[in-house]
Amino acid sequence: MAKIDSLCVYCGSSTGNSDVYRDAAARLGLILAEAGVRLVYGGGRIGLMGVLADAVVAGGGRVTGVIPEHLQAQEVGHSGITELLVVGGMHERKQLMFELADGFAVLPGGLGTLDETFEMVTWAQLGLHDKPIVLVDQGGYWAPLLALLDAVVGAGFARPENAAILEVVGDVDEVLGALAAAPAPRIAAREERF
């Protein structure tokens, strides 16, 4: 079973057009705080990222944000979290978030969320890591993505086990259980691999 002390959560820098997404981010933040799991995230004070971080802080939890200099310069960094790490660029951000996390959860988000998620899935497919990745299909948000993954497998461009890299849950209340049920990682990540 995987031991999760630190969870990287990918989610939108917008809140979306439904309160379901905002409520899910706030609920996950409280769940992490209550469980004593440190949040690692993109460092923003806006969108679902800000809602999530605020909820962890309000619940007495720990939050590590990782933000690139260009976004910090635009004043979107969250100054009210445990620590905000400013890095040179997006690649460095993703690498550091990976290193700080024992696993990953994906809430609704846009292109950046997709980019971060698929990078972790691809690294797992290539055998560079085997940390658990949980996709939270809150309100059916990720249904089109799951249909696309089925189509990719069906067309022979990915094996079924590659699509299964993402553990899918329907609600944030299922995230920690899904992570705990995942096998303990066996691959020792080495920085030079990435």
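The values are calculated or read from the model by the stated rules, or taken from the named source; none is laboratory data. Predicted model only: the values in this text are computed from it and were never measured. A quick note on method: Cβ atoms are made from the backbone with ideal geometry, for glycine too, and the neighbour counts reach across all protein chains shown. Heavy atoms of the whole protein, side chains included, go into the accessibility calculation; ligands, DNA and RNA do not. Shrake-Rupley method; radii C 1.70, N 1.55, O 1.52, S 1.80 Å.
Looking at the range 41-71 only, could you name the residues that are assigned to a strand (DSSP E or B) and either of a type outside the set (S, T, N, Q) or surrounded by 24 or more Cβ atoms within 10 Å (Cβ to Cβ) (or both)? Break it down stepwise before answering.
We begin by selecting, within the range 41-71, every residue assigned to a strand (DSSP E or B); these are 41, 44, 63-68.
41, 44, 63, 65, 66, 67, 68, listed by residue number.
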Pair list, Cβ < 8 Å and 6+ apart or interchain, from the range 39-54 residues that are free of Cβ contacts under 8 Å to residues at least 40 places away in the same chain to residues that are open to solvent by 20 Å² or more (accessible area, probe 1.4 Å) and assigned to a helix (DSSP H, G or I): 44/71; 51/22; 51/26; 54/26
Among (1) touching a Leu at 6+ places or on another chain (Cβ under 8 Å); (2) in a loop (DSSP other than H, G, I, E, B) - the single one residue 134 does not satisfy: (2)
Looking only at the range 87-113, and only at residues there that are free of Cβ contacts under 8 Å to residues at least 24 places away in the same chain and surrounded by 15 or more Cβ atoms within 10 Å (Cβ to Cβ), the one that is nearest to residue 129 (Cα to Cα): 90
Residues (assigned to a loop (DSSP other than H, G, I, E, B), among the aliphatic types (A, V, I, L, M) and modelled with pLDDT of 85 or more) located in the range 171-194: 182
Enumeration of residues in the range 151-163 that are at pLDDT below 95, open to solvent by 60 Å² or more (accessible area, probe 1.4 Å) and part of a helix (DSSP H, G or I): 160, 161
